[in-house]
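Since the structure comes first, as structure tokens, the remarks are kept for the end.
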Amino acid sequence: MNSFSYSRPDDVNAAVGEISEQTQAKFIAGGTNLLDLMKENVEHPQHLVDINHLPLGFIDELPEGGLRLGALVTNADTAYHELVQKNYPLLSMAILAGASPQLRNMATNGGNLFQRTRCYYFYDTATACNKREPGSGCGALTGYNRIHAILGTASSGNTPQCIATHPSDMCVALRALDAVVRVSGPNGDRTIPIADFHRLPGDEPERDNTIEPGELVTAIDLPAEHFNTHYTYLKLRDRASYAFALVSVAVALRLDEGGQIAEARIALGGVAHKPWRNPAAEALLTGKAADTTLFRQVAEQLLDGAQGYGNNTFKIELAKRAIVRALDMAYAGSTQAGDAYKQEDIL
Amino acid sequence: MSNYIGKPLSRVDGVAKVTGKAKYAAEFDAPDLTYGYVVSSTITKGRITHIETSEALSLPGVLSVITHENRPKIAWLDMSYKDQDAPPGSPFRPLRDNKISYSGQPIALVVAETFELARYAASLIRVDYREAPHETNLDTNLHRARKPKSGLASLLKPPPPKPRGNFDEVYAASPAKVEGRYSHSPEHHNPMEMFASTVVYEKDGKLTIYDKTQGAQNSQLYVTQAFNMSFSDVRVISPFVGGAFGSGLRPQYQLFLAVMAARELKRSVRVTLTRQQMFTFGHRPATIQNIALGADSNGKINAIYHDAVGETSQFEDYTEIVPTWSPMIYPAENVTLDYKIVPLDVFTPLDMRAPGGVTGVPAIETAIDEMAYELGIDPLELRLINYSDRNMAEDKPFSSKELRECFRQGAERFGWAKRNPKPGSMRDGHNLIGWGMSTGMWEANQMPARAEAVLTVNGKLRVTSATADIGTGTYTIMTQIAADTLGMPMEDVLFKLGDSDMPLAPIEGGSWTAATVGSAVKVVCEELGRKLFKLAQKIPGSPLAKAKWDDVEFVDKHIRLKQNPAAAVSLQQAVDQNGGAAVWQKSTSLPAMMKQKNYSRAAHSAVFVEVMVDEDLGTIRVTRAVSAIAGGKILNPKTARSQIIGGMVWGISKALEEESVMDHTIGRFMNHSLAEYHVPVNADIHDLDVIFVEEHDDIVNPLGVKGLGEIGIVGMPAAIANAVFHATGKRIRELPITLDKIL
Amino acid sequence: MQTTLPKQPVTRPAPRLVPTQPVTLTINGTPHQLQLAPWTSLLDALREYAHLTGTKKGCDHGQCGACTVLVNGKRINSCLTLAVMKEGDDIQTIEGLATGDPANPESLHPMQRAFIEHDAYQCGYCTPGQICSAVGLMNEGHAKSRSDIQELMSGNICRCGAYPHITDAIQEVMQQTPKNA
Ligand SMILES: Cc1cc2nc3c(=O)[nH]c(=O)nc-3n(C[C@H](O)[C@H](O)[C@H](O)COP(=O)(O)OP(=O)(O)OC[C@H]3O[C@@H](n4cnc5c(N)ncnc54)[C@H](O)[C@@H]3O)c2cc1C
Ligand code: SF4
Ligand code: FES
Ligand code: FES
């Protein structure tokens, strides 16, 4: 970790101003991703702007029935918030499937959007990595790539530049919910649909998202559609907790009175550089009832074009099965996180 | 006599541990302490052509960067770097020259006034290398397998015995045969505490070193030899060790570097490794095994073939006992075993919890399960058919072996009798349920050790021995033994360990500490008791004046006549008789070789496991497990249970989660963090049950104990793999069984 | 494919050091005036500057939970926050859990007593983090079942594998504690 200066502004304009003035400055919120990477010498900001004292710790109801999540609300406070639990249980479930209680008490909603890949090579400065050092190569492509992407890895050349995944659980739910990210920057305020917030690596793997230098995320808006009856977040990983997803699936269904699917949203985590959706696959479900063959067809379509790189090839089949299971669970309204083994309350 | 032995007592160091008062190696302070940070090689093999330290040194507060170029002179001979656990070969010497032998090798130490500064300066060091091709893949280098060199280490780890009978012929003629290849990935110990040494530079140049080690005297020996110092100038202290599991059996490189820096700068230095650097020294070696079993139609196993090839470094021949476990458990008449190693460009492997045992036993125990299915015999029944009271690897009887009773009690507790042998026959929704079992076994050794006991003028007992407590409960059980031997309350007894100034004890490994140090503590307390008895007899009008040693007992802080408890002298009165001085005794305990040599000595276990496997998603969970242990006398069922539970968690980890994954293209372990090197978390661990079966053994050692550090893990992996087969019909012979292997 | 690494990392400015500044941390109710640069983590501030070594470092990267402390009653990983960011907060460490003389078992926090009683440790290195985490778990109030405890204690790795006993200890303290205390 290099040496850096530190400031603690208490309003948004001052924070944005400071970031723009300093060279190689970064915001710090929970610090759980930034400090980790600074200790690994992957990030080396010269100045940190501590945004924890900005007035962005709110969760407000929106006039049209949506919810605005302040960028500085912690992941834990968001997941356990009464309105989130009631109206957006999918989001709550996804957040609680991630990291650990301690980390969720630190991690902020804003910071979670920005968390960087957990690619082993990205983290290890002894190895080649196009995301960390553009042009150095991609160690994962020919190396150990168990946790890597199977979708959306194309670049203009023959070989992908980067096969990293976006590791967030929260963002997978946000993607299913069509959240909107609110940003303040040197050039004023703007909103970015979550679908456009993260990007695919293409030829610029060093860019994770579409945010411009100096821009600050102030809030995340959740639209009025709640999906609070037929939903699930299914996360598959190498141990029962405190591990990143190998594959995760967020499903949100709206059923009509006859029990047919009126609208389906399916977002995948752990498979690409951004939470993955495929509207055509979702459309297959419209107007249909639950049917395993259909679910499998949807899964096939979602994984269309998927490619494995050796250690991660199993993810293609795993993702398909996870989609079928998640659709089953969401349709049945059993929100259990794929976890049949629960002991009854004893406290 | 008090009655502490066998009681489920809380640990005597409990308060220290729950209040944060227990101090580990990196937590001792020294005036003017400096901090060292290790720079690690980014390549796997080759030479350093240039190392640029100027930028680092330009920072105010950076005191020194020590590299192979500017390091002080150190001992020349290989011999000087041999610690008590060194395998045959030429030990790794940090900063010896510009040669790189493995990825992550330490190549420089930055010393600065603060930790943060040292860490930053380390990032500014630029290194140029000339790379050479490396080989790190055991699988693709099997053709280079060779016999290990023998040395001192071979005494404890003998090669497999010569073939007996005629395997080929008998196997070929056997009506029932199974054959398989079993393998596991390298694993790193990853104790929670990262390796650290705080070297305190005393005014006269003497060193007091707080080191993370399983043997303070081993570290002391290493430092004195490598730096040509006298024993009286180096004191190593290690009162608490934050887990080790074998990783502390050899001094690690942070010790060497910290000592070198302290002597160079004449200041105190602390060096702590990073979690990533915890993957840059010893590990459990990747091992590939082949097994073939031949049985008659009644299930009697007549032919065993078992070979194993493990990895080692290019500089030392690390070995384990692997195939030998097969004939130790199963008494076949026709046995061929083989053990070889392949030198690769990795660091020398290092004993890790049940080294060799949890490699060989899971392989043979999986093969036995395969044989049970081949024959259509219940796996427990098959093990009973092939039960033996003799260890056929040595052709000696066991000093005790209550494994049959383990099978009985374990099976009953688990409900094994209700098992339908058909794979896939039990389910709960999407979950397939499987039941599997395995035998476990670990040797019960005893080493020579010394201990000292002092009864102070205030009537308190202080006992010391230079052993370690890595969480095993040494403090507690030694206090129990001492208190019982001299009839004192535990509160009046203080047992201390982990200081090289204390009486000699071996490195704390192989589950031998309870037997080894326990015997020494018992002996020294008995001999102290004799002294006290003599003093008591000298007291004018002593009621014991005419008594013989055999007539008295130590009870309630008194020496009294067994026949007439009223005839008693208090221990306080006995000390008072010593002219105002404490009464002191130092003693040695040696294993009773003559008594032991005709027997094989081992702890055994029977393990029963239930798993739930998601039929679509491949996720596996161990929902319950029972370990029935025959481990001799249980000194403290509370700490003993913890030892076994810990071993069972390790077994789950080994079977399902843990592996160090090497990218062979660059020769580097890539999942070098606790986020990506998976060990179980709380949510992975469900119902674990431990049964201690009565086992009496007066051959193994005077205490009748067998040690419990390793026996808890040995049987678990195969029981889990066998349960996974029972659930799914899939036989996975490569550990760990991650979900992708089930899909 | 063998990849080549650039010998020099991309555009890094010349080294410089940011000076230390006085930082006041309120630890276990007592203000501690420390002289720190911004780069000192809360964990290192506790261990190396305030000499409170009860809080452990098991990874320094948020991956183990050994460094768990309570900040304003909530558990966090002290290795992934900066000391300067915690000025003005109420920091509680393992050293602050017992009331009065720690040598007297009566003065221990109920969670500390339960850990001893259940032998919920072996080497003890993860223990301060486990105990702080368990106290945080109770403060947070989301655990309703044994499996909740297990899930919500999964941010604390115990390599010794004391989990069943850790869960027993916590469950016992929770059952003994009145719900709205
Ligand atoms: C061991 C471990 C395990 C984890 N497991 C999971 C998991 O399973 N699932 C999961 O989803 N996550 C997991 N996480 C990641 C965790 O969720 C993220 O680290 C966290 O969400 C980041 O939030 P933060 O507030 O701490 O961000 P910080 O570290 O403070 O910031 C991260 C980045 O975002 C920028 N930033 C922060 N806030 C803003 C803002 N408002 N506007 C603009 N830029 C901003 C910062 O400049 C920085 O570059 C894990 C983390 C660790 C360490
Ligand atoms: S996958 Fe992306 S992040 Fe990983 S090494 Fe390749 S370029 Fe770097
Ligand atoms: S030291 Fe902070 S989580 Fe491991
Ligand atoms: S007690 Fe050793 S790591 Fe938990």
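Quick one: would you say residue B:741 is open to solvent by less than 10 Å² (accessible area, probe 1.4 Å) and not in a loop (DSSP other than H, G, I, E, B)?
Working: open to solvent by less than 10 Å² (accessible area, probe 1.4 Å): no; not in a loop (DSSP other than H, G, I, E, B): yes.
Answer is no for this residue.
Selection within the range A:324-347: residues that are within 11 Å of chain B (Cβ to nearest Cβ) and at pLDDT 90 or above. The member of this set that is surrounded by the fewest Cβ atoms within 10 Å (Cβ to Cβ) is A:328. Scanning the range C:109-136 for residues that are buried (at least 23 other Cβ atoms within 10 Å of the Cβ) and away from ligand 3 (no atom under 16 Å from the Cβ) returns C:111, C:112, C:114, C:115, C:119, C:120, C:121, C:122, C:135.
For the range A:266-312, the set of residues classified as of a type in the set (S, T, N, Q) and either in contact with a Ser or Thr (Cβ under 7 Å, 6 or more places away or on another chain) or open to solvent by 60 Å² or more (accessible area, probe 1.4 Å) (or both) consists of A:286, A:292, A:293, A:297, A:301, A:307, A:311, listed by residue number. Residue B:162 meets each of the listed conditions (1) within 27 Å of the chain's Cα centre (by Cα); (2) open to solvent by 60 Å² or more (accessible area, probe 1.4 Å); (3) under 26 Å from residue B:442 (Cβ atoms) apart from (1).
Is it the case that the range B:409-416 has a residue that's without any contact (Cβ under 8 Å) to a residue 12 or more places away in the chain and more than 14 Å from chain C (Cβ to nearest Cβ)?
yes
Taking the residues in the range C:15-42 that are part of a loop (DSSP other than H, G, I, E, B) and touching a residue at least 40 places away in the same chain (Cβ under 8 Å) as candidates, determine which candidate is nearest to residue B:56 (Cα to Cα). Talk me through it step by step, then tell me what you get.
Narrowing the range C:15-42 to residues part of a loop (DSSP other than H, G, I, E, B): C:15-20, C:28-29, C:37-40.
Still in the running and touching a residue at least 40 places away in the same chain (Cβ under 8 Å): C:28-29, C:38-40.
Details: C:28: 37, C:29: 39, C:38: 20, C:39: 17, C:40: 19 Å.
This residue is C:39.
Restricted to the range A:189-282, the set of strands (runs of 3 or more DSSP E) holding at least 3 residues that are away from ligand 1 (no atom under 14 Å from the Cβ) and modelled with pLDDT of 95 or more comprises A:230-236, A:247-255, A:261-269.
Which one is nearest to the other protein chains (Cβ to nearest Cβ) among residues in the range A:130-141 that are without any contact (Cβ under 8 Å) to a residue 40 or more places away in the chain and surrounded by fewer than 24 Cβ atoms within 10 Å (Cβ to Cβ)? Of everything passing the filter in the range A:130-141, A:137 is nearest to the other protein chains (Cβ to nearest Cβ). Step by step: first the residues of the range C:64-88, then only those that are basic (Lys, Arg) and at the interface with another protein chain (Cβ under 7 Å from one of its Cβ atoms), then the one that is nearest to ligand 4 (Cβ to nearest atom). Which residue is that? The selected residue is C:75. The single condition among (1) charged (D, E, K, R); (2) touching a strand residue (DSSP E or B) at 6+ places or on another chain (Cβ under 6 Å); (3) more than 20 Å from residue B:409 (Cα to Cα); (4) not in a loop (DSSP other than H, G, I, E, B) that residue B:658 does not meet is (4).
The criterion of at least 3 residues that are within 12 Å of another protein chain (Cβ to nearest Cβ) is met, among helices (runs of 4 or more DSSP H) falling completely within the range A:90-129, by A:101-106, A:120-123.
Within the range C:51-88, how many residues turn out to be within 16 Å of ligand 1 (Cβ to nearest atom), open to solvent by 10 Å² or more (accessible area, probe 1.4 Å) and farther than 24 Å from residue B:675 by Cα? Total meeting the criteria: 2.
Residue by residue through the range B:214-248, note down the ones that are in a loop (DSSP other than H, G, I, E, B), surrounded by fewer than 24 Cβ atoms within 10 Å (Cβ to Cβ) and among the aliphatic types (A, V, I, L, M).
Step one: filter the range B:214-248 for residues in a loop (DSSP other than H, G, I, E, B), giving B:214-215, B:227-230, B:238-248.
Right, trim to surrounded by fewer than 24 Cβ atoms within 10 Å (Cβ to Cβ) and you get B:227-230, B:239.
B:229, the sole residue that qualifies.
Hey, does the range A:219-232 have a residue that's closer than 24 Å to residue A:117 by Cβ and not hydrophobic (A, V, I, L, M, F, W, C)?
Initial filter on the range A:219-232 (closer than 24 Å to residue A:117 by Cβ): A:220.
When the remaining residues are screened for being not hydrophobic (A, V, I, L, M, F, W, C), the result is none.
Within the range A:219-232 (the criterion being closer than 24 Å to residue A:117 by Cβ and not hydrophobic (A, V, I, L, M, F, W, C)), the answer is no, since none of the residues qualifies.
This table checks each residue for (1) touching a helix residue (DSSP H, G or I) at 6+ places or on another chain (Cβ under 6 Å); (2) open to solvent by 60 Å² or more (accessible area, probe 1.4 Å).
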site: B:574; (1), (2): yes, no
site: B:582; (1), (2): no, no
site: B:588; (1), (2): no, yes
site: B:600; (1), (2): no, no
site: B:603; (1), (2): yes, no
site: B:613; (1), (2): yes, no
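Exactly one residue among B:129, B:171, B:182 is in contact (Cβ under 8 Å) with a residue 60 or more places away in the chain, aromatic (Phe, Trp, Tyr), in a strand (DSSP E or B) and surrounded by fewer than 23 Cβ atoms within 10 Å (Cβ to Cβ), and that residue is B:129. Right, residue C:159: away from chain A (no Cβ under 12 Å) and either open to solvent by less than 10 Å² (accessible area, probe 1.4 Å) or assigned to a loop (DSSP other than H, G, I, E, B) (or both) or not? When the stated conditions are applied, residue C:159 passes them.
This table checks each residue for (1) of a type in the set (A, V, I, L, M, F, W, C); (2) out of contact with any helix residue (DSSP H, G or I) (no Cβ under 8 Å at 6 or more places or on another chain).
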{"site": "B:368", "(1), (2)": "yes, no"}
{"site": "B:374", "(1), (2)": "no, yes"}
{"site": "B:385", "(1), (2)": "yes, yes"}
{"site": "B:388", "(1), (2)": "no, no"}
{"site": "B:396", "(1), (2)": "no, yes"}
{"site": "B:399", "(1), (2)": "no, no"}
{"site": "B:402", "(1), (2)": "no, yes"}
{"site": "B:408", "(1), (2)": "no, yes"}
{"site": "B:411", "(1), (2)": "yes, no"}
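Just a yes or no: is a residue in the range C:43-53 closer than 17 Å to residue C:133 by Cβ, part of a loop (DSSP other than H, G, I, E, B), within 10 Å of ligand 3 (Cβ to nearest atom) and within 10 Å of the chain's Cα centre (by Cα)? No.
Note on the range A:9-42: residues that are assigned to a loop (DSSP other than H, G, I, E, B), surrounded by 17 or more Cβ atoms within 10 Å (Cβ to Cβ) and within 11 Å of chain C (Cβ to nearest Cβ) amount to 8.
From the list A:173, A:164, A:140, which one is away from ligand 4 (no atom under 16 Å from the Cβ), touching a Ser or Thr at 6+ places or on another chain (Cβ under 6 Å) and under 22 Å from residue A:243 (Cβ atoms)? Write out each step before concluding.
Working: A:173 fails: touching a Ser or Thr at 6+ places or on another chain (Cβ under 6 Å); A:140 fails: touching a Ser or Thr at 6+ places or on another chain (Cβ under 6 Å).
Only one candidate passes the filter, namely A:164.
Scanning the range C:115-156 for residues that are assigned to a helix (DSSP H, G or I) and either within 16 Å of ligand 2 (Cβ to nearest atom) or aliphatic (A, V, I, L, M) (or both) yields C:116, C:131, C:134, C:135, C:137, C:138, C:149, C:152.
Do we find a residue being under 26 Å from residue A:132 (Cα atoms), more than 16 Å from ligand 3 (Cβ to nearest atom), open to solvent by 40 Å² or more (accessible area, probe 1.4 Å) and not assigned by TED's automatic domain parsing to the domain that holds residue A:45 anywhere in the range A:217-227?
Let us first name the residues in the range A:217-227 that are under 26 Å from residue A:132 (Cα atoms), namely A:217.
With the extra rule that they be more than 16 Å from ligand 3 (Cβ to nearest atom), the set shrinks to A:217.
If we keep only those that are open to solvent by 40 Å² or more (accessible area, probe 1.4 Å) too, we end up with none.
The answer is no; no qualifying residue exists.
In the range B:450-470, the count of residues that are within 14 Å of chain C (Cβ to nearest Cβ) and closer than 22 Å to residue B:652 by Cβ is one or more.
If a residue counts only when it is closer than 21 Å to residue B:472 by Cα and not assigned by TED's automatic domain parsing to the domain that holds residue B:727, which helices (runs of 4 or more DSSP H) contained entirely in the range B:495-614 have at least 3 such residues? In the range B:495-614, the matching helices (runs of 4 or more DSSP H) lie at B:513-538.
The values are calculated or read from the model by the stated rules, or taken from the named source; none is laboratory data. Small disclaimer: the values here were computed from a predicted structure and weren't measured. With ideal geometry, Cβ positions are generated from the backbone for all residues, glycine too; neighbour counts draw on all protein chains shown. Surface accessibility is based on the protein's heavy atoms, side chains included, excluding ligands, DNA and RNA. Shrake-Rupley method; radii C 1.70, N 1.55, O 1.52, S 1.80 Å.
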